[in-house]
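Below is one structure, written out as structure tokens; comments come after it.
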């Protein structure tokens, strides 16, 4: 089947379909919903990081005006832990005992008639503790170490022998701090029980997971839980888990038999919904005198909570980034008394790439080879770990196109060799090989009596453009103009979808949507297969095309009829079909499934005396496979790049020694880039549709962030001659 | 404004002396009345009492700009303004932006330039940008960036926001009124 | 259970009387500090007296001085033509001091009285804060102290006064007009603020109930050069790591008068008189500026998190002096 359009829909730089709602304040985020009779909740959090609650006094809170209930570990029911997910275990359920595992742990939920009353009353809950000495530092010898927690450690060749024979060896220790995702939208849960049926409005990137978790924790069937999230005010990973505050809100609503709404505060967004964990990496490369890599060794240690999971293999990506015959990667985690980390845009890669692309830069200077040239000299033409060709890879083109657009050839080789008044000017480059990820997905497509299409899946759109690109894919697949197709998501009653995360949703969902639309066309053709009245009788999908809602025979384009005609003649109000996608396996496909690739070229200015760093230009060239919408995909790269500027220069969640309290849990103290920090950003897409997936797409939600920190650090080195191996690079480190 | 002194409110616990405040203000051209605890902010009054959820809460601490609205024609932060202070004031929010069913030129430009992603900061960005045009601070990109820096966008749409404002400004958008 | 009441003052006298008579009453102006700290649970007034409609708005222009009503907003003051022409140091400090939204809300009187941004002060769950609960200690001294003060501090408290414009105003010898139930008085801004080294609680010499009604800002002489430089991580919308406001009168190749204010370093907006003494009578030259900067920071008291500020503040002051005198390194 081919769907033809006067203009191609997929790929076009179309405006977002949800744009008019978002610019008029009419897009409804979870906190914008209210349910009649709802009560409001506020959380009480621990003020120690480790120990036990010896006494908790809720009487004053219970006596406060408007208070309906206060739930603590003393009166909370025992709850099961949620299910295993594709990202690891569910968080442990809250209020199950008197133990404190991190500062800011929820120790009570207060519910009152109004939000102000709940907040006031929460301040009246007092707790006494028996405090233990908290384990807060990665190098604390008491910290339990998890070795190879994901089974992703790699070893090929003989690194020790190769390193010993290398003509040049460069090594360094790199540190990256805790970062906090900080989506602008405060996370909200609004829970409403009707008997055993639970309706939730929840700030989640994964409605299907929240449904499964609530069903298991509260022992109700999955199909009696419905999770809504038509819009979410960003997530960047915060919405990938069903966090304890969600369970507490649902519990409070069940206890009171009333709807309960909880909106986290900004400080709680630092402690309650995950963060990028701090890490320390040691990386060592051996090379020939001309910069050919002979050995690479990358070891990492990152932080994780005492009794929870987080996926953060910092070093694993280094195994496939370069054509190096001898490679060893080792990832470990240390259990600390900290709020649990979680994926944050570009998890693991954002940190691991900083170390790898910095050390490659150091190697370039050590052997006197241009930093761009050394990357091309060690280019991994095939996946060196799988020893299979990539399903797509245009990283070389990324480097070449980027160098041209940036003017890399104007670079002066020596560090600290360009100056404009007080400003030192430097250029830096970094490459990115983002890992492939995709999970199974389902979608459903309907054509109604008027011939219009309605396609849906229980996915979430974080602002990535999912509504828009799936409308495009649906329209193209169904042969309908855009304004006759509606794509909907954000409702767990829709067909199950994986998380909006891991840069995996666009391919998973796009393929499922395309499949559903094809199945739907098949259903139409099946309907008319024996239909004497139909000019399409006997046709299969290969025999037809659809244009503007009219199916016609390829061999006789005048022979055809519309979806609406068929439904009318068969007395049907609609026809629906389901579709699914399941990612292929590399071994079956005979190729290594590739994620996106990218090259980042950065110009910085550094004030020679004051240490001020200003990013003045960034060129991003991205191989994202087939791009479904140049505009929304471009925005993903722009946005990721801004996040990368934050990681490089500003973002640092500081934990108080001893108490484990986060010292800067506000937007005034935890700095993210503002408008003034960001120059115009040049974004270009190169490459071809990926061969490993029917739609040819590769996710671009995270590749834009990764590499920015290294490219900025490399540019700062070029500008100043100072190699900074610790993020963020603040002016005091450059004085 | 009328004070309602010494109202006995009986909650689950002890009675409490509360002086609720009744505030009459104009919101998007309509006269509205709010009776609430005087500590209720303009932001919470708009969202929770008046059903105008277009204005967003991003920090509730005056540090992100998501709650930007206009009071008597000036852009301010609704999260640090008490509703009671707005007695007799003219409040304009994203919910009322545009005229005669037509979007404000900035709303259209934000869509055309993809000046948002998740859209959560967008009402504040647009209300800030409308004021920026009236302030005349759109002569250069540097100026736009500086005077839009009080509106955080975590999705990182800044360059597209600047492009949208630049376009409207270049088309005489400073004359574009609410 | 405590009461809470909001009242709108009818006139200045009534406002002063109401707050003076009620130890749990506070004034409410722009709200950018007051409302924020009430939400944090740091301030819990039982009565807020809204003064925003009192006739304390506007700027009167005298020949040598401007009189700024206390309720004039930061944005209004920055836009005043005399400020633009004669007090660039004030205008720059105002525009760099906050976002436009905050400048439209914050009054100049309120700005002078803004409370520290110290997160240990602003988080009541932290037990040790001598400013919030006298005698409890100072968590910041051993905590995350990058945004803290190094002048006029001690191990009792290192909270920073984060105002930008106050730095310019102390440099300009501005005078605060105050009204209390005992009458009116005027106090030089340099004497208005108190250092926290001894007493972290008392931040200024206002008695409870006293109200700032206005500020007198002496104009700089024609030909004076002034400027304000704010150094911070972000390009915009951030408190200063350090800042410097300078005003110089140079005649015949000699600095005749010098006024130096430093921000981001003091428990109060810092007037660096020791630096002024080095400058006055000397020719404008980088070596002089360096000596002045060293003098300004001579009394710094640092913790590991703030140690970098000693060097950064000196370099910032030198750069600011270079900028206004166009002297290159």
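Rule-based calculations on the coordinates, nothing more; no lab input. The structure presented is a predicted model; accordingly, all values stated were derived computationally and were not measured. Backbone-built Cβ (ideal geometry, glycine too); neighbour counts: all protein chains shown.
Report the FRET efficiency, 1/(1 + (r/R0)^6), for residue A:412 and residue C:201, where r is their Cβ-Cβ distance and R0 is 60 Å, rounded to 0.05. Taking R0 as 60 Å, the efficiency between residue A:412 and residue C:201 is 0.60.
What FRET efficiency comes out for the pair residue C:287/residue C:64, r = Cβ-Cβ distance, R0 = 45 Å, nearest 0.05?
Numbers: r = 34 Å, r/R0 = 0.75.
Efficiency at R0 = 45 Å is approximately 0.85.
Under the simplified labelling scheme, the residue A:55-residue A:147 pair shows an inter-label distance of 4.6 nm, with each label point 7 Å from Cα along Cα→Cβ.
Within 10 Å of each residue's Cβ, count the other Cβ atoms and sort C:270, A:150 from fewest upward. Display every interim value, and only then the final one.
Numbers: C:270 31, A:150 15.
With the sparsest Cβ surroundings first, the list reads A:150, C:270.
Can you give me the Kirkwood hydrodynamic radius for chain A, using every pair of distinct Cα atoms, in Å to one decimal?
Numbers: mean 1/r = 0.0368 Å⁻¹.
Radius from the Kirkwood sum: 27.2 Å.
Can you sort A:288, A:204, A:72 from fewest to most other Cβ atoms within 10 Å of each residue's own Cβ? Intermediate results must be reported in sequence, preceding the final value.
Working: A:288 14, A:204 32, A:72 20.
Ranking A:288, A:204, A:72 by Cβ neighbours within 10 Å, fewest first, gives A:288, A:72, A:204.
Taking each residue as 0.36 nm, the span from residue A:78 to residue A:572 lengthens on full extension beyond its C-alpha to C-alpha distance by 172.9 nm. Figure legend: label point modelled 7 angstrom from the Cα of residue C:294 along Cα→Cβ; residues of the range C:241-277 with amide N under 17 Å from it are C:274-277. Between the C-alpha center of the range A:361-412 and that of the range A:288-328 there is a gap of 18 Å. Footprinting exposure proxy ranking of A:169, A:135, fewest other C-beta atoms within 10 angstrom first, gives A:169, A:135.
For the residues of A:630-639, the average number of beta carbons from a partner chain within 10 Å of their own beta carbon is 4.
One compactness figure for the range B:105-172 is 0.95, namely its Cα radius of gyration divided by 2.2 N^0.38 Å. Within 10 Å of the Cβ of each residue in A:29-35, the mean number of Cβ atoms contributed by other protein chains is 3.
Rounded to two decimals, what ratio of Rg to Rh does the protein assembly as shown give with C-alpha atoms and a Kirkwood Rh?
Working: Rg = 31.0 Å, Rh = 31.9 Å.
The Rg/Rh ratio comes out at 0.97.
Taking a ≥ b ≥ c as the square roots of the eigenvalues of the Cα gyration tensor, an a/c ratio of 1.5 or more together with a/b no larger than b/c marks the range C:53-105 as oblate.
Please state the shape class of the range C:225-325: rounded when a/c is under 1.5, otherwise prolate if a/b exceeds b/c and oblate if not, all from the C-alpha gyration tensor.
Working: a/c = 2.15, a/b = 1.57, b/c = 1.37.
Prolate, because a/c is 1.5 or more and a/b exceeds b/c.
Model label points for residue A:537 and residue B:26, set 7 angstrom from Cα along the Cα-to-Cβ axis, are 7.0 nm apart.
First check a/c for the range C:115-264, with a ≥ b ≥ c the square roots of the eigenvalues of its C-alpha gyration tensor; if it is under 1.5, answer rounded, and if not, answer prolate when a/b is larger than b/c or oblate otherwise. Oblate is the answer for the range C:115-264, as a/c is 1.5 or above yet b/c matches or exceeds a/b.
On the beta carbon distance between residue A:373 and residue C:256, with R0 = 56 Å, the FRET formula returns roughly 0.45.
For the range A:580-669, what does the convex hull of the Cα positions come to per residue, in cubic angstrom? Mind dumping the intermediate values first?
Numbers: hull volume 21.5 nm³, N = 90.
Roughly 239 Å³ of hull volume per residue.
Helical content of the protein assembly as shown, expressed as a calculated mean residue ellipticity at 222 nm, amounts to -7500 deg cm²/dmol (DSSP H runs of 4 or more residues, -39,500 (n - 2.57) each, divided by residue number, nearest 500). Across q = 0.18 Å⁻¹, the range A:285-342 modelled as identical point scatterers on its alpha-carbon atoms has Debye log10 I(q)/I(0) values of -0.65, in the order of the q list.
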